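Peer 1: My questions will all concern the structure given below.
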Amino acid sequence: MEQLFASFILDQAAGLEIALRAEDVTEATPIKGGIQTLPASIDFLEGIMHLRDEVIPIINLKKRLGLTDNNYGTGAKVAVITLFNNRYGLLFDDIKEVFRVDQASIRPLNKALQSEDRIISSLISLEKGKRTVEVLELENLFPEGLSEAEKADPARGEPACDAQPVIYSRYIVFSCAGQEYGVPVQYSQEISFYSDINTMFKTGCVEGALQLRGSTIPVINSQFLLSGTEDFTQDIGEAFRILVLSHEECMLGMIVEEVKEIVTVPGNEILPMPLGGNPSVSGIYPRKKGGNIMLLDMPGLVCDHMEKIKSLARINVKKEEDKEELQVEAHHLITENCYLVFAIEKNFAIEIKDVQEIIESDGVMGVPGVTGFNSQIINLRGQIVPVVDLRSFYNYPPKSKGAEKSKLIICRGRSRAVALEVDRIVTIYKQEQFHATPSLNSQLAGRKDTLDRLIDFVGRDGTSEHVLVVNSDNLVRNHLAVHAETETPSSPDNNGVDGATTN
């Protein structure tokens, strides 16, 4: 019998990995809005955090487990768990993955080796013993336990309501044949260009193969997966994208018309499929602005077709011993080395791990008496979020009349949500290497603290360009509290390459 676990990195330096039973984890999220200290609380209670319309107690798990170094960096994550009908947040250095494991790999920890509270109950042996994950027993999280009243409601001692916690998920949205589809972010490895595929393997539903860091990945026409037919009427052009999907040993590229945005979907707003459902579809998400997104189930969509795809393409997927590398790569989209490329006169980028979602600019409101790059706000599901006009921030002229409607990139800087207004979304791009930003021209020099790195971006036409990466932390910390009309630009930083300028 297999069990499903969610694992997290408790201490990055020590390589300490903690697993929680997946059904206990409501969501994993960056720290939102900061953690407010709660005076006269237990030692390991870091404080409270506002998460949408709820106040969540945040537990410093390093203190609870007695680690000597119990501090967290700015990139810390919170695993929101459900315990006795109430929600708590557990602090971790980072998110690892969700995995299945059979009972034989779970080894109970000898009671003689445990403390009295037995908070670490078992060890999970993975990758032939090369990796060990410690299982946290949530019912023993509080040393003194919880009374029945506290289990019902720690704030008032009242019985907890029957309402289930809302689970939020993030989806990459793409279009195909006039319909919008969503794929869970955790299965989306990266996005590539149609021109990158090798057509030597073209046959039937397989359009070719993509070479990706030593792996040969079959690339298929999306109409095969989405309609089940090999009678294609779709004319594929250079503007199409390849969405690389990965789940356990299943890995393939799917040709889509356009990758449109990243959305956060509340689980209680997903409409179920009728007549017993469809193994390839987890539900329908009705947009508030109109239209529907069909949410795809990755295992049902891809894995059931893998044998046919492999036989058609004569391509082998990863072997058993290579699964470790595959599973790590499958999470690049929400960790590191992946960037969202966008345009404001020219291309810029932001690390995808800092991006919460991408939305339309409908609903943006101007603040009376305020001008400059931060003179607007938006109501984001009950939270008032400042809007930064990146054109104004980086001293570009306003958009021309009749131009395409702007997009808002919702990201976090210094644990605070901020909406970056951009002209358009270009693509999601993986780039292992980055470079320190050289000296900037006079237009951007005063903002160099927000442009501290650049990447080499290869566009769909094969041309390469240097793209500056926006540091959202520094943008919020150093600039957001200052109005554009009163700001004094800092002096250009000339610690980069002498004489070099980036336009």
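The values are calculated or read from the model by the stated rules, or taken from the named source; none is laboratory data. Here the structure is a predicted model, which is why all the values come from computation and not from measurement. Positions of Cβ are generated from backbone atoms using ideal geometry, with glycine treated the same way; all protein chains shown enter the neighbour counts.
Peer 1: Closer than 28 Å to V256 by Cα, out of contact with any helix residue (DSSP H, G or I) (no Cβ under 7 Å at 6 or more places or on another chain), buried (at least 18 other Cβ atoms within 10 Å of the Cβ) and among the acidic types (D, E): does that describe D389?
Peer 2: no
Every residue, every condition in (1) among the hydrophobic types (A, V, I, L, M, F, W, C); (2) in a strand (DSSP E or B); (3) closer than 21 Å to S122 by Cα, yes or no:
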residue: T26; (1), (2), (3): no, yes, no
residue: G34; (1), (2), (3): no, no, no
residue: G66; (1), (2), (3): no, no, yes
residue: Y72; (1), (2), (3): no, no, no
residue: V78; (1), (2), (3): yes, yes, no
residue: I81; (1), (2), (3): yes, yes, yes
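Peer 1: Right, something else. Yes or no: region 342-350 includes at least one residue that is among the small types (G, A, S) and modelled with pLDDT of 80 or more. Steps first, please.
Peer 2: Within region 342-350, the subset among the small types (G, A, S) is 343, 349.
If we keep only those that are modelled with pLDDT of 80 or more as well, we get 343, 349.
Yes, region 342-350 has at least one match.
Peer 1: Only one residue in I359, I352 is among the β-branched types (V, I, T), outside the structural domain of A76 (by TED's automatic domain parsing) and surrounded by fewer than 20 Cβ atoms within 10 Å (Cβ to Cβ), so which one is that? Give the derivation first.
Peer 2: Values: I352 fails: surrounded by fewer than 20 Cβ atoms within 10 Å (Cβ to Cβ).
After ruling out the rest, the residue left standing is I359.
Peer 1: Could you tell me whether region 129-138 includes any residue that is within 13 Å of F5 (Cβ to Cβ), surrounded by fewer than 16 Cβ atoms within 10 Å (Cβ to Cβ) and in contact with a Lys or Arg (Cβ under 7 Å, 6 or more places away or on another chain)?
Peer 2: No; the residues of region 129-138 include none that is within 13 Å of F5 (Cβ to Cβ), surrounded by fewer than 16 Cβ atoms within 10 Å (Cβ to Cβ) and in contact with a Lys or Arg (Cβ under 7 Å, 6 or more places away or on another chain).
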